[in-house]
């Protein structure tokens, strides 16, 4: 991990994220940008991931040196998304700086592989975690295990991240 300032930031959160706190995501991107973050990573799932990617693209329109790096579990992952989320996914994919596919098709464990790949090499993780067992919880646990700091911005409380 870079001890000076965050450079690579990973976002992780629930698919049930309702978009009512998009301003908070934008605030964190701007704050981290001011601290030196330039590359932002998302996993491209519906909910928090697509909201975070959208917020990064808004920030990128103001700061040309921002990079959006997307991690997709497998090709065709978005086929089960709602139509509006498939359109948003495509727009984000077109504007992403880097695109990583973890597999050609679904396989057991591919979500965890994606989550670990997003955390590996990151300097900071921003989470939207409600405290319940989930893929988000697994990502946070992995970040803690590899020494990557996590900030949970879940809306009604700042949860302890002891896993």
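The values are calculated or read from the model by the stated rules, or taken from the named source; none is laboratory data. Remember, predicted model here, so these are calculated numbers, not experimental data. Every residue, glycine as well, gets a Cβ built from its backbone with ideal geometry; the counts of neighbours run over all protein chains shown.
Results for (1) more than 11 Å from residue 42 (Cα to Cα); (2) touching a residue at least 24 places away in the same chain (Cβ under 8 Å); (3) in a loop (DSSP other than H, G, I, E, B), shown as yes or no for each residue.
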residue	(1), (2), (3)
94	yes, no, no
103	yes, yes, yes
106	yes, yes, yes
112	yes, yes, no
116	yes, yes, no
126	no, yes, no
131	yes, yes, yes
138	yes, yes, no
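Step by step: first the residues of the stretch 146-163, then only those that are buried (at least 16 other Cβ atoms within 10 Å of the Cβ) and farther than 17 Å from residue 48 by Cα, then the one that is modelled with the lowest pLDDT. Which residue is that? Walk me through it before giving the result.
Taking the stretch 146-163 first, the residues buried (at least 16 other Cβ atoms within 10 Å of the Cβ) are 148, 150, 152-154, 161.
Retained after the next criterion (residues that are farther than 17 Å from residue 48 by Cα): 148, 161.
Values: 148: 97, 161: 50.
Applying the filter and picking the extreme gives 161.
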Determine whether the stretch 6-25 contains at least one residue that is touching a strand residue (DSSP E or B) at 6+ places or on another chain (Cβ under 8 Å) and in a helix (DSSP H, G or I). yes
When residue 59 is evaluated against the numbered criteria (1) more than 11 Å from the chain's Cα centre (by Cα); (2) assigned to a loop (DSSP other than H, G, I, E, B); (3) in contact (Cβ under 8 Å) with a residue 12 or more places away in the chain, which criterion, by number, is the only one it fails? (2)
State whether one or more residues within the stretch 80-87 are touching a strand residue (DSSP E or B) at 6+ places or on another chain (Cβ under 8 Å), modelled with pLDDT of 95 or more and either surrounded by 19 or more Cβ atoms within 10 Å (Cβ to Cβ) or farther than 19 Å from residue 27 by Cα (or both). no
Considering 143, 64, which residue is surrounded by fewer than 19 Cβ atoms within 10 Å (Cβ to Cβ) and on the phi < 0 side of the Ramachandran plot? 64
Selection count where residues are more than 20 Å from residue 118 (Cα to Cα) and either out of contact with any helix residue (DSSP H, G or I) (no Cβ under 7 Å at 6 or more places or on another chain) or free of Cβ contacts under 8 Å to residues at least 12 places away in the same chain (or both), scope the stretch 72-89: 7
Working only within the stretch 45-56, note down all residues that are surrounded by fewer than 23 Cβ atoms within 10 Å (Cβ to Cβ) and outside any helix (DSSP H, G or I). 46, 47
